[in-house]
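The structure appears right after this line, and notes come after that.
The values are calculated or read from the model by the stated rules, or taken from the named source; none is laboratory data. Here the structure is a predicted model, which means the values were calculated and not measured. FYI the Cβ positions are ideal-geometry reconstructions off the backbone, even for glycines, and counts take in every protein chain you see. The accessibility values were calculated without ligands, DNA or RNA, using every heavy atom of the protein model including side chains. Shrake-Rupley method; radii C 1.70, N 1.55, O 1.52, S 1.80 Å.
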Amino acid sequence: MTQQMQPSAVDGLFNHPKTLPTWLLYDDAGSQIYTRITGLPEYYLTRAEAEIFAQQGERIVERALAGAGEVSIVELGAGSSEKTELFLRAVVRAHGNFVHLACDIERGALELGVARLREAFPQCDVRGFVGTHEAAGAAIAELAGRQLVLFIGSSIGNLSDEQATAMLSALRARLRSDGGLLLGTDLKKQPERLLAAYDDAAGVTAQFTLNILTRLNRELDADFNLEHFRHVACWNAQASDIEIYIESTQAQTVAIGRVNRTVSFTAGERVLVEISAKYDLERVERLLRAAGFERAETFIDSAGDFAVHLARCVPLGEP
């Protein structure tokens, strides 16, 4: 069961340029396709971050949780929590037990992940929360002990810097002064490698993107013909991000029954569905400072592709 789509989700189709919200990618089918993407040879991100947790997990735990008694670990956008399990094993080795709150809008993957973590860590209190990051705020604030929030997988890259600052600021307001954040970011690299990661040779990423149209057809009674659209990945050097589009291959008009409207496309017209920002340390530090955090240490995989940043809370009211 996924986040219920409201008719307002397609409001961006009637703007210029056209957009659709990124969360539409993650219905049950989309989440399953994304799992396939993470195993593709071109998609290095998941492997690189898993390496960081496998090889540097103890160091991260030592730096993040030193001196803590009770420990509460939160993951935003947890999904199936496969990489997270590597990190949690390091937490168990150092602290024995913990409370873990896994948050996601996609119920199916979350329930599978929570069940696996409960089996892996029977001595720990593993909880699931279905909803947005904002909705999880009250549950995060109530957690006892040292709060450590994981926002990994480079999910922050799906937000503009303004959106990321607002989201992290809201999170900071829910944490006590000794709380912390683990933030995963993809690092800048050659555009050719980036484009391959988001437009793989087997076409799995294209299936992932175009599944949005299947979802609109099913949930909003639309009549998109998937054969008349294609997946496009572009590198925006000025913004330092990959941009993912659905492109109309011909002039056409599509009816969306639930909103009783039609939307017209010209040949080659694109709908922006996702951005994936690529960072350097300066950009990461700027985001963290603006949101009330301070970068304490950065952990990078052996190939230099990906980074996990440990950030500490700046006391509220300090610049």
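Using Cα springs under 10 Å in a Gaussian network model of the chain, which residue among Asn97, Asn217, Asn15 shows the largest mean-square fluctuation?
Asn15
Could you state the accessible area per residue of the chain in Å², with a 1.4 Å probe and every protein chain left in place? Write out the running numbers ahead of the final one.
Working: 13820 Å² over 319 residues.
Computed with neighbouring chains in place, this is 43 Å² per residue.
Can you give me the Cα centroid spacing of region 36-93 and region 268-315 in angstrom?
Cα centroid of region 36-93 versus Cα centroid of region 268-315: 16 Å apart.
Out of all DSSP beta bridges with both ends in the chain, state the antiparallel percent to the nearest 5. Could you put the intermediate results ahead of the total?
Working: 35 of 58 bridges.
Restricted to the chain, the bridges split so that about 60 percent are antiparallel.
Can you list the equivalent-ellipsoid semi-axes of region 1-149, largest first and in whole Å, using the square root of 5 times each Cα gyration tensor eigenvalue? Mind showing how you got there, number by number?
Details: eigenvalues 183, 70, 40 Å².
Sorted largest first and rounded, they come to 30, 19, 14 Å.
With viscosity set to 0.890 mPa s and temperature to 25 °C, compute the Stokes-Einstein D of the chain, Rh being the Kirkwood radius across alpha carbon pairs; µm²/s, no decimals.
Details: Rh = 20.5 Å.
Value of D from the Cα-based Kirkwood radius: 120 µm²/s.
Which lysines, on any chain, are close to Lys278 with Cα under 19 Å apart, when same-chain ones fewer than 8 places away are left out?
Lys188, Lys189
Full-extension gain between Arg218 and Arg93, please, as 0.36 nm times their residue separation minus the C-alpha to C-alpha distance.
Using 0.36 nm per residue and subtracting the Cα-Cα distance, I get 40.4 nm.
For region 57-137, what percent of Cα pairs sit more than 15 Å apart? Please list the in-between numbers first.
On the way: 1694 of 3240 pairs.
Across region 57-137, Cα pairs with separations above 15 Å total 52 percent.
Please state the equivalent ellipsoid semi-axes for region 204-319: what are the square roots of 5 times the Cα gyration tensor eigenvalues, largest first, in whole Å? The partial results should precede the final answer.
Values: eigenvalues 312, 63, 33 Å².
In descending order, the three semi-axes are 39, 18, 13 Å.
For region 258-298, list residues with backbone N below 14 Å from a point placed 7 Å from the Cα of His228 toward its Cβ?
Within reach of a label on His228: 262-269.
Can you compute the helix-only [θ] at 222 nm over the chain? Use -39500 (n - 2.57) per DSSP H run of at least 4 residues, normalise by all residues, nearest 500 deg cm²/dmol. Provide the component values of the computation, followed by the final result.
Values: 9 runs with 111 residues, N = 319.
Calculated at 222 nm, the ellipticity per residue is -11000 deg cm²/dmol.
Of all accessible surface on the chain at a 1.4 Å probe, what whole percent is carbon and sulfur?
Carbon and sulfur atoms account for 50 percent of the accessible area of the chain.
If each of Ser169 and Arg59 carries a label point 7 Å out from its Cα toward its Cβ, how far apart are those two points in nm?
Distance between label points: 3.4 nm.
Each residue of region 7-17 in order: what ³J(HN,Hα) in whole Hz does its phi give by Karplus 6.51 cos²θ - 1.76 cosθ + 1.60, θ = phi - 60°, with x for Gly and Pro?
Those phi angles translate into x, 5, 4, 9, 4, x, 5, 9, 9, 10, x Hz.
How many Å³ per residue does the convex hull of the Cα positions in region 146-219 occupy? Don't jump to the answer; show the numbers that get you there.
Values: hull volume 10.9 nm³, N = 74.
Once divided by residue count, the hull of region 146-219 is 148 Å³.
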